[in-house]
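Notes follow once the structure below has been shown.
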Amino acid sequence: MPDLAILNFADLWPYLLVGFAAQMVDGALGMAFGVISSTLLVSVLGVPPAQASAGVHLAEVFTTGASGLSHAWHRNIDWGLFTKLVLPGVAGGILGAYVLANIDAGVARPLVMAYLAGIGLVLLYRAWRFPTPRFEDPRIVAPLGAAGGFLDAAGGGGWGPVVTSNLLIQGGEPRKTIGTVSASEFFLTVSISVTFILTMGFEAFTTATIGLLIGGVLAAPFGAILAKNVRPRVLLFMVGTVLTITSIYSIYKALS
């Protein structure tokens, strides 16, 4: 655990800005905080993947809590969908955190990212081909939550890309889907963080976590406002764009 007494703004501000930007995207589109933050910690700072995932999830306990409250305030949450996602997501997250702490689970990451890049392209096509999308209740929810929770913990990020994109593919309304996935992520990140603490101890969390946390909490209200006010077709296009770009970049990093 970093010594808070010796922290200064010069140490925090790069991570604060990253946390703010990542949470703006995550709150508005239901994805990308974990992907952006984990990429920074691993690729730029050289933090081991397990420690990066642990640190990001600790920050997300606070950012997802703030984001969930903001989405609830703006009525962006489908509570029926919320209840179907939470428990499977938590179970998958606990298993994923245990696997990452004890086994190298990175082999499958390029395959998962290739799948998500394909989903991103489909969402872009839907946004372009169907000016007025028709929405319906997603049918496959619990298995999707379990898979999203596992991949989120084992890969340092993935709940939003996996769950949000697949619910949208099934016809979910973008605003409600994004708000519900963002709110349910709070319970996932709490369970994952507790599992990391039990398996790795508090040394898993780095100084960068504090900056990510502060920046993310500050940005959380703005993301919910964007999700509420941006048109569904535009949200689909934005989700598809972010998902495709981040997935292709993750494949490049994994194979390079």
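Quote the accessible area belonging to MET238 in square angstrom, nearest 10, computed with a 1.4 Å probe and with ligands, DNA and RNA left uncounted.
Counting only protein heavy atoms, MET238 exposes about 70 Å² to solvent.
How much length is gained if the chain between GLN170 and ALA142 is pulled fully straight, taking 0.36 nm per residue apart and subtracting their Cα-Cα distance, in nm to one decimal?
My answer for the length gained is 8.7 nm.
Label points 7 Å out from Cα along the Cβ direction at SER256 and THR241: separation in nm?
2.2 nm
What figure in square angstrom, to the nearest 10, would you give for the accessible area of ILE251 with a 1.4 Å probe?
Counting only protein heavy atoms, ILE251 exposes about 40 Å² to solvent.
Determine ³J(HN,Hα), in whole Hz, for all residues of segment 180-187 in sequence, where each value follows from phi through the Karplus function 6.51 cos²θ - 1.76 cosθ + 1.60 and θ = phi - 60°; x replaces Gly and Pro.
Each residue's phi maps through the Karplus curve to give 5, 5, 5, 5, 5, 5, 4, 5 Hz.
Of TYR15, TYR98, which has the most accessible area and how do the rest follow, probe 1.4 Å? Could you put the intermediate results ahead of the total?
Details: TYR15 40, TYR98 125 Å².
Listed by decreasing accessible area, they come as TYR98, TYR15.
If Lys and Arg each add +1 and Asp and Glu each add -1, what is the summed charge of the other residues whose beta carbon sits under 12 Å from the beta carbon of HIS57?
That works out to -3.
If a/c stays under 1.5 just call it rounded; otherwise compare a/b with b/c (prolate if a/b is bigger, oblate if not). Do that for segment 204-256, with a ≥ b ≥ c from the square roots of the Cα gyration tensor eigenvalues.
Oblate.
The values are calculated or read from the model by the stated rules, or taken from the named source; none is laboratory data. Keep in mind the model is a prediction, meaning the values are calculated, not measured. Methodologically, a virtual Cβ is constructed for each residue, glycine included, from the backbone with ideal geometry; neighbour enumeration extends over all protein chains shown. Keep in mind that these areas ignore ligands, DNA and RNA; they rest on the heavy atoms of the full protein, side chains included. Shrake-Rupley method; radii C 1.70, N 1.55, O 1.52, S 1.80 Å.
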